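Data block below; observations after.
The values are calculated or read from the model by the stated rules, or taken from the named source; none is laboratory data. No experiment lies behind these values; they were computed from the predicted model shown. Cβ placement follows ideal geometry from the backbone for every residue including glycine, while neighbour counts extend to all protein chains displayed. Accessible surface areas use protein heavy atoms only, side chains included; no ligands, DNA or RNA. Shrake-Rupley method; radii C 1.70, N 1.55, O 1.52, S 1.80 Å.
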Amino acid sequence: MKILAIESSCDETAAAVVEDGINVLTNIINTQIDTHKRYGGVVPEIASRMHIENITEVIDKALSGAELTFDDIDAIAVTYGPGLVGALLVGVSTAKGLSFALGKPLIPVHHIKGHICANYIANPDFKPPFVCLVASGGHSHIVHVKDYNTYEVLAKTCDDAAGEAFDKVSRVLGLGYPGGPAIQKAAEKGNPDAIRFPRVNMGEEGFDFSFSGVKTAVINYIHNAEQKGEEINKADVAASFQEAVVDVLSSHLIDCAKKCGVKKIALAGGVASNAPLRRRVEEKSKANGFEFNCPPPILCTDNGAMIGCAAYYAYQNGEIAGSDLNAEASLPLK
């Protein structure tokens, strides 16, 4: 089964052709990072307009790269939430038009499910059940993946997502956007134990996240130093902040896995590209007897391949959308 998958939930216009869920024939990503850098973050209106400009070319490249035409495609898949509503609408409208014009099934895909399914592409032998940390600029979830179509959210952020906190701290330190890579690079020259920034446990069992506090603690540390005329060591601040986030993400993931009694854990989402986080989770996995899996960075960013993979399992589960499919900015995971 060949699926043409479209992803436009934030600032990447992406399309891919995926065969039988895990065989990626093409994976085309047009990123808007250089445009949004000048504003220090994603501007939703600009993102939506750029999706409109790029989506046709991205789809054409996905098909031509696979040496296929629309006639060779069995279904159209699209991310319909969560994300920036204007950006989502570009992908959803395009997919609906293609589905209608070609007479092909339309498969709606939840963005977070797509990130989780990237693990199957990276490692076809990695199968549910497992517990997965999905961390990105907009999401911080720990999900119990019971089977290919059954998900239970075990923990989530109460305020800022991990990636959002990285972006905000990077901006205050003057390191630029996107914050994740900038913080990681600066932290390589810093001492992660130089400053003890807070670790927060939320929710009844302490599994939920809150990154607003650690972000504010970093900002207050910088402002206090400025008021005293003291020079700060940006590398130490970056390393100490990163350590706080990695510590919380990895600890909560391991605790949730122990609670569920599973033997496998995984990472997904843009923050999963963070090298210290990957190392820490891998180390803790070995120490606790868990099998660990994580997609390569290209599959951690927003991409069409992960949407095509998720769509394959959704289609097998009978999830087909009609012409009334709409974008849902705050779509819950269930």
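Run through the DSSP bridge list for the chain and note the antiparallel percent, rounded to the nearest 5. Walk me through the numbers on the way to the answer.
Details: 28 of 45 bridges.
Once the DSSP bridges in the chain are tallied, antiparallel ones form about 60 percent.
What is the extension gain from Ile33 to Glu19, computed as 0.36 nm multiplied by their sequence separation minus the C-alpha to C-alpha distance, in nm to one decimal? Please report the intermediate quantities before stating the final value.
Working: separation 14, 0.36 × 14 = 5.04 nm, distance 2.89 nm.
Here the answer is 2.1 nm.
Determine the per residue accessible area of the range 1-117 with all protein chains present and a 1.4 angstrom probe, expressed in square angstrom.
Details: 4510 Å² over 117 residues.
On a per-residue basis, 39 Å².
With only Lys, Arg, Asp and Glu charged, each at its Cβ (+1 for the first two, -1 for the last two), find how big the charge dipole of the chain is about the Cα centre; round to the nearest 20 debye.
Here the size comes out at about 720 debye.
For the range 32-140, give the percent of accessible area contributed by carbon and sulfur heavy atoms, probe 1.4 Å, rounded to a whole number. Walk me through the numbers before you get to the answer.
Working: 2290 of 4310 Å².
For the range 32-140, the apolar C and S fraction of the accessible surface comes to 53 percent.
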Angle between the Cα long axis of helix 234-260 and the longest principal axis of the chain, 0 to 90 degrees, nearest 10? 60
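For n ≥ 4 DSSP H runs only, could you compute -39500 (n - 2.57) per run for the chain, divide by its residues and tell me the 222 nm figure to the nearest 500?
Estimated from H runs of four or more residues: -14500 deg cm²/dmol.
First select every other residue whose beta carbon is under 11 angstrom from the beta carbon of Asp72; then total the charges, Lys and Arg +1, Asp and Glu -1. Don't skip to the end; give the middle numbers.
Details: positive: Lys2, Lys104; negative: Glu19, Glu67, Asp71, Asp74.
Net local charge, Asp72 excluded: -2.
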Per-residue counts of other Cβ atoms within 10 Å, averaged by peptide: what ranking do you get for 114-126, 309-321, highest first? 114-126, 309-321
Show the residues, 5+ positions off or on another chain, whose built amide H is closer than 5 Å to the amide H of Leu25. Val17, Val18, Glu19
Cα gyration tensor of the range 31-184, axes a ≥ b ≥ c as square roots of the eigenvalues: rounded (a/c below 1.5), prolate (a/b > b/c) or oblate? oblate
Hey, can you grab everything whose amide H is under 5 Å from the amide H of Leu154? Only 5+ residues off in sequence or another chain; H modelled, so Pro and N-termini drop out. Ile142, Val143, His144
Computed over the chain: longest principal axis from alpha-carbon atoms vs helix 162-173 long axis, angle to nearest 10 degrees, is 50
Protection proxy ranking, peptides 66-73, 289-296, 139-146, average beta carbon neighbours within 10 Å, highest first: 139-146, 289-296, 66-73
Sequence-distant aspartates and glutamates (8 or more away, or on other chains) whose Cα lies within less than 15 Å of Lys286: Asp255
Förster radius 51 Å - calculated FRET efficiency between Lys334 and Lys228 (Cβ-Cβ, nearest 0.05): 0.55
Phi-derived 3J(HN,Hα) across the range 145-159 with the Karplus relation (6.51, -1.76, 1.60, θ = phi - 60°), rounded Hz, x for Gly and Pro, is 8, 7, 7, 5, 10, 10, 10, 10, 7, 8, 7, 7, 7, 8, 8
Which of the listed residues, Pro276, Ala165, Ile195, is farthest toward the dipole's positive end in the chain, when Lys, Arg count +1 and Asp, Glu count -1 at the beta-carbon? Ile195
With label points built 7 Å along Cα→Cβ from the Cα atoms of Gln316 and Leu102, find their separation and express it in nm. 2.1
Residues whose built amide H sits under 5 Å from the amide H of Lys127, excluding neighbours closer than 5 in sequence, are none
For the range 225-288, dividing by residue count, accessible area per residue (probe 1.4 Å) in Å² works out to 43
What distance in nm lies between label points placed 7 Å from Cα along the C-beta direction at Asp60 and Glu291? 4.4
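A 31 angstrom limit on the alpha carbon distance is what I want to check against. Which of Lys61/Lys263; Lys168/Lys334; Lys156/Lys284 exceed it?
In this structure, Lys61/Lys263 exceed 31 Å between Cα atoms.
Within the range 185-321, what whole-number % of the accessible surface is contributed by carbon and sulfur, with the 1.4 Å probe and all protein chains included in the calculation? Walk me through the numbers on the way to the answer.
Values: 2790 of 6310 Å².
Its accessible area is 44 percent carbon and sulfur atoms.
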